[in-house]
Amino acid sequence: MYDRHTDEVPPLPPAPAPVAHEPTTVERGSFCTARCGCGWYGPARRSRDRARTDAAEHLAAP
Ligand SMILES: [Zn+2]
């Protein structure tokens, strides 16, 4: 395919996509945990509202 001789600088590799912070809450048994697409996850909470708060806090300060 590429058999031309190049002195050119090769194109830069595509920059990695910025991590999307999209926290969701996951229920496990009677606990609810906030998790994010970046790999972050919050502590298990007994209340989904608490998990949502954890998620909101992570969004505010990832
Ligand atoms: Zn995140």
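The values are calculated or read from the model by the stated rules, or taken from the named source; none is laboratory data. Quick caveat: nothing in here was measured; it's all calculated off a predicted structure. Here the Cβ is made from the backbone with ideal geometry for all residues, glycine too, and neighbour counts use every protein chain on show.
Residues that are surrounded by 17 or more Cβ atoms within 10 Å (Cβ to Cβ) and under 14 Å from the mean Cα position of the chain (by Cα) were ranked within segment 16-40; the one that is nearest to the ligand (Cβ to nearest atom) is CYS36.
Scoring ALA20 on the criteria (1) modelled with pLDDT under 95; (2) in contact with a Lys or Arg (Cβ under 9 Å, 6 or more places away or on another chain) leaves a single failure, condition (2). Residues that are touching a helix residue (DSSP H, G or I) at 6+ places or on another chain (Cβ under 8 Å) and loosely packed, with under 15 Cβ neighbours inside 10 Å within segment 41-62 comprise just one, PRO43. Residues in segment 6-25 include none that are assigned to a loop (DSSP other than H, G, I, E, B), out of contact with any helix residue (DSSP H, G or I) (no Cβ under 7 Å at 6 or more places or on another chain) and either aromatic (Phe, Trp, Tyr) or on the phi > 0 side of the Ramachandran plot (or both). When segment 31-53 is filtered for residues that are assigned to a loop (DSSP other than H, G, I, E, B) and of a type outside the set (A, V, I, L, M, F, W, C), the ones remaining, listed by number, are GLY37, GLY39, GLY42, PRO43, ARG46, SER47.
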